[in-house]
Amino acid sequence: MKTPSVYIAEELMPYLRAKIAQILYNKGLRQSKIASYLGITQAMVSKYLSGSYKKPSPDIMEILDPIAEQVAGFILSGASREEVIAFTARKILRLFSSGKLCRHYSSYAGISESACRSLFSTSPELHFLEETKIAVRELLSLPGFSRLIPEVRSNLAYAPANAETPEEVIAIPGRITLVKGRPYALPPEFGASRFTASLILSVSKKNPMVRSVLNIRLNESIEKAIKKSGLKFRKVKTGGLNDEEAIAVISALFEDDKLDAVLDEGGKGIEPLVYIFGSDPFEVVDKVKKIMEVME
């Protein structure tokens, strides 16, 4: 009987653990530490690092590789083993509930894709909220992130695919601020932002693949870093515009394009800002990392 748990154990986890182990090892973690996080023996970690494990199809690798990067980043940000397990389980559940894995699982188990989807038909709201919490935690842990927080402070917003109003968008109450020189944020929640939530809703109407945004400081060094990092961006100037007009100007850039960032040069009384966009908060955080790596 090839249940989803058997499929996960036999087809997904060996490759996922191996990829996570390789990323962590390349970042300097000892094999014993990696084994502790993954809940396996050090000998198994060594086996994974040598490439001795069952590899899935290229399609499955393409699905699992971004998750391995996210899990490894979560571990490196200081997450506990329990948090890592919960995060990984939610990511795999989302892959089933979204249907991304059902085509592969249905072939493996000999059932229809619709039967697969019915097994995982749950409300995704809590998953979206948990993902945002984890992304915010990773963002706050980045060394030097405090340098990117503008005077108006930063906010990270995430609009689930069914979101239509700011109340249905996840954001940070009070935004990300500095406390004794260190970034600080309250836990994300639905309906916590007006401008940032309205912005991502407007952008996602132009390009449904763009669901998350973060604003950071804009100055000469940050602009140079964005250029060097290879991120695709456009410039605007919203000085003198009200919020609704500014949102319209920025979202219009996504009419026929998917940008990584929009550089708003502001104007009189308006602080220059960078808006970093992505399909989800993890992609946004990854782009922040790219910028900071170039700056360093």
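The values are calculated or read from the model by the stated rules, or taken from the named source; none is laboratory data. On a predicted model such as this, the values are computed, not experimentally measured, just so you know. Heads up, the Cβs are rebuilt from the backbone with ideal geometry, glycines too, and the neighbour counts pull from every protein chain shown.
When the residues of region 225-243 are narrowed to those that are out of contact with any strand residue (DSSP E or B) (no Cβ under 9 Å at 6 or more places or on another chain) and touching a residue at least 40 places away in the same chain (Cβ under 8 Å), which ends up nearest to ILE176 (Cα to Cα)? Steps first, please.
Applying the first criterion (out of contact with any strand residue (DSSP E or B) (no Cβ under 9 Å at 6 or more places or on another chain)) to region 225-243 yields 225, 228-230, 242-243.
From the residues that got through so far, the ones that are touching a residue at least 40 places away in the same chain (Cβ under 8 Å) too are 225, 228-230, 243.
Values: ALA225: 22, LYS228: 26, SER229: 24, GLY230: 26, ASP243: 20 Å.
My answer is ASP243.
Name the residue that is farthest from the chain's Cα centre (by Cα), counting only residues in region 93-105 that are assigned to a helix (DSSP H, G or I) and surrounded by fewer than 18 Cβ atoms within 10 Å (Cβ to Cβ).
At the first step, the residues of region 93-105 found to be assigned to a helix (DSSP H, G or I) are 93-97, 102-105.
Those left that are additionally surrounded by fewer than 18 Cβ atoms within 10 Å (Cβ to Cβ): 93, 103.
Values: LEU93: 16, ARG103: 24 Å.
Taking the candidates together, the pick is ARG103.
If a residue has to be of a type in the set (Gly, Ala, Ser), modelled with pLDDT of 95 or more and within 27 Å of PRO173 (Cα to Cα) to count, how many in region 211-245 make the cut?
Number satisfying all stated conditions: 1.
Could you tell me which of the residues VAL169, VAL152 is out of contact with any Ser or Thr (no Cβ under 9 Å at 6 or more places or on another chain), hydrophobic (A, V, I, L, M, F, W, C) and at pLDDT 90 or above?
From the options VAL169, VAL152, the qualifying one is VAL152.
Which numbered condition trips up ALA192, out of (1) modelled with pLDDT under 95; (2) more than 23 Å from ARG147 (Cα to Cα); (3) touching a Ser or Thr at 6+ places or on another chain (Cβ under 8 Å)?
(3)
Looking only at strands (runs of 3 or more DSSP E) that lie completely in region 117-185, which have at least 2 residues being within 19 Å of the chain's Cα centre (by Cα)? Walk me through it before giving the result.
Values: elements: 156-158, 177-179, 182-184.
Per the criteria, 156-158, 182-184.
Using the structure shown, decide if VAL213 is closer than 18 Å to GLU265 by Cβ and either buried (at least 22 other Cβ atoms within 10 Å of the Cβ) or in contact (Cβ under 8 Å) with a residue 24 or more places away in the chain (or both). Don't jump to the end; show me each part of the working.
On the way: closer than 18 Å to GLU265 by Cβ: yes; either buried (at least 22 other Cβ atoms within 10 Å of the Cβ) or in contact (Cβ under 8 Å) with a residue 24 or more places away in the chain (or both): yes.
So VAL213 fits the description; yes.
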